[in-house]
Amino acid sequence: MWWWIREKMDNLFFQDKNQIYKVNLHKEAYNQIIYYCDRANPYEIGSVLIGNYSLNQTTANILQITPPPKDSIQAKYNFHRGSSGLIKVLDTVWNQGQYYLGEWHYHPNMSSFPSSIDKKQMMILSQDKRLKCPEPILIIIGGHKGNWNINVRLFANNKEIILYNL
Ligand SMILES: [Zn+2]
């Protein structure tokens with residue numbers, strides 16, 4: 001669950017231990033996330049995950065991320081993602097067959113382990129009718145350039161599901 005970095009040349013795959021939930025984090029989206037984290041250090045930053053589902057619905061493909069909404073609040077130990085312009089972006093990608101899949105944020109120079117607030121926020125987002133995503137994914141990046149680490153979770157039916165890197 002912990003690793004290295006440089007430009008990622010391959011997609012990253014994650015799944016839960018029962019192999020029900022699968023996430024394919026495409027290298028372009030990963031590299032975008034790392035770019036934002038590196039630039040934001042030592043401040044937190046985050047935004048949303050966008051992509052599609054495989055034809056048999058078993059795999060979520062994370063294809064891109066949005067820039068952080070302008071009304072986001074950024075601090076060293078806290079990040080509140082704003083929502084300004086977000087619905088408009090989601091409407092646009094909807095026309096390309098892509099959807100809101102969840103959230104990512106950065107824990108600068110720390111562990112990527114999710115806090116209890118992180119988890120609570122995901123439970124709330126899973127019930128947000130405007131996002132139409134009852135099983136949102138949470139990606140947290142920790143660390144810093146040369147020493148990134150990652151946690152990937154999925155929230156379904158008010159439960160947190162840990163996804164492991166394959
Ligand atoms: Zn967090």
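Results, tabulated for the structure shown:
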{"quantity": "For the chain, built as a Gaussian network whose Cα springs stay under 10 Å, the top-fluctuating residue of Asn11, Asn56, Asn151", "calculated": "Asn56"}
{"quantity": "DSSP bridge orientation in the chain - percent antiparallel, rounded to nearest 5", "calculated": "75"}
{"quantity": "Among Phe79, Ser112, Gly51 - extreme Cα towards positive end, dipole of the chain, charges at beta-carbon", "calculated": "Phe79"}
{"quantity": "Whole-percent carbon and sulfur share, accessible surface of the chain, 1.4 Å", "calculated": "54"}
{"quantity": "Förster radius 35 Å - calculated FRET efficiency between Ser116 and Gln96, Cβ distance, rounded to 0.05", "calculated": "0.50"}
{"quantity": "Distant-in-sequence amide H partners of Met110 (H built 1.01 Å from N, under 5 Å)", "calculated": "Gly143"}
{"quantity": "GNM top mover of Tyr106, Tyr35, Tyr21 - the chain, alpha-carbon springs below 10 Å", "calculated": "Tyr35"}
{"quantity": "Part-to-part distance (alpha-carbon centres) for region 89-166 and region 1-75, which is given in Å", "calculated": "8"}
{"quantity": "Amide hydrogen neighbours beyond the local backbone of Ala156, cut-off 5 Å, H modeled", "calculated": "Ile161"}
{"quantity": "Paramagnetic reach from Lys159 (point 7 Å along Cα→Cβ, amide N under 18 Å) across region 124-146", "calculated": "124, 126-127, 134-138"}
{"quantity": "Cα-centre dipole for region 6-117 with unit charges at Cβ (Lys and Arg positive, Asp and Glu negative), debye to 20", "calculated": "80"}
{"quantity": "Relative contact order (%) - criterion: Cα under 8 Å, at least six apart; region: the chain", "calculated": "26"}
{"quantity": "Lys/Arg +1, Asp/Glu -1 at C-beta; the chain dipole; positive extreme among Ala60, Asn11, Ile137", "calculated": "Ile137"}
{"quantity": "Volume of the Cα convex hull of the chain, divided per residue and given in Å³", "calculated": "108"}
{"quantity": "Nearby lysines by direct alpha-carbon distance to Lys76 (threshold 21 angstrom, same-chain neighbours under 8 apart not counted)", "calculated": "Lys119, Lys120, Lys145"}
{"quantity": "Gain on full stretching of the segment that runs from Ile87 to Lys129 - 0.36 nm per residue minus C-alpha separation", "calculated": "13.9 nm"}
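The values are calculated or read from the model by the stated rules, or taken from the named source; none is laboratory data. Predicted model only: the values in this text are computed from it and were never measured. Positions of Cβ are backbone-derived with ideal geometry, glycine not excepted, and every protein chain shown enters the neighbour counts. Surface areas here come from the heavy atoms of the whole protein model, side chains and all, with no ligands, DNA or RNA. Shrake-Rupley method; radii C 1.70, N 1.55, O 1.52, S 1.80 Å.
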